[in-house]
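Colleague: Can you keep this structure in mind? I'll have questions shortly.
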């Protein structure tokens, strides 16, 4: 016999035994679905090594204290209840940005020229007449006025002065084209 025929015969035997078991179970069934009661075994109670505490009798419950207060009737003051459906946000806003650093102070500049042009004349050198308030100054190139301004250059239509504390050059218009 080959291996294949052994497998076929084994299956046939298994199916036959299964059918016989089902038939025997169905025939021996007396129709009752109850389980027979188990036999009670009598055993002496065991003693525990640890003594057991006796539980107190049922505690007295004061039911009067557990009653709710009566609901307010019409016309009586009602109990105020907040909005139970109010939105709760756990968002914490970020801290404000640090204050901006103050801008650096502007560079110092020379004040506006306090002089106005009065006129000019030529002697041995070119002389310019400037007015400041009630005072009249006659100056030429290189002169210093009140230790504050120095005459740098005189040209047609302008006089160039240097503000000495900051070494800034300023020009004063003379109004003449030549």
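Colleague: Given the Cα-Cα distance of residue 121 and residue 6 and 0.36 nm per residue of separation, how much length would full extension add, in nm?
Modeller: Between residue 121 and residue 6, full extension yields an extra 26.9 nm.
Colleague: Okay, next question. Highest mean first, how do 154-160, 17-23 rank when packing is the count of other Cβ atoms within 10 Å averaged over residues? Spell out each step's value before the answer.
Modeller: Details: 154-160: 14.3, 17-23: 10.0.
Peptide ranking by packing, descending: 154-160, 17-23.
Colleague: Based on other C-beta atoms within 10 Å, arrange 174, 148, 109, 3 from fewest to most.
Modeller: Arranged by neighbour count, lowest to highest, 174, 148, 109, 3 become 3, 109, 148, 174.
Colleague: A further question follows. Taking neighbour counts of Cβ atoms within 10 Å as a proxy for exposure, in what order, fewest first, do 91, 121, 163, 149 appear?
Modeller: Details: 91 5, 121 9, 163 16, 149 24.
Fewest-to-most ranking of 91, 121, 163, 149: 91, 121, 163, 149.
Colleague: If each residue's Cβ is checked for other Cβ atoms within 10 Å, how do 11, 132 rank with the fewest at the top?
Modeller: Values: 11 10, 132 14.
Final ranking by Cβ density, sparse to dense: 11, 132.
Colleague: Based on the alpha-carbon set only, what is the convex hull volume of the stretch 116-173 divided per residue, in Å³?
Modeller: 80 Å³
Colleague: Continuing with this model, one more query. Which whole-number percent is the relative contact order of the stretch 87-178 (Cα, under 8 Å, 6+ apart)?
Modeller: 18 percent
Computed from the coordinates by the stated procedures, all read-outs in this text should not be read as laboratory data. Source: prediction; values computed, not measured. Cβ coordinates were reconstructed from backbone atoms using ideal geometry, including for glycine residues, and neighbour counts include every protein chain displayed.
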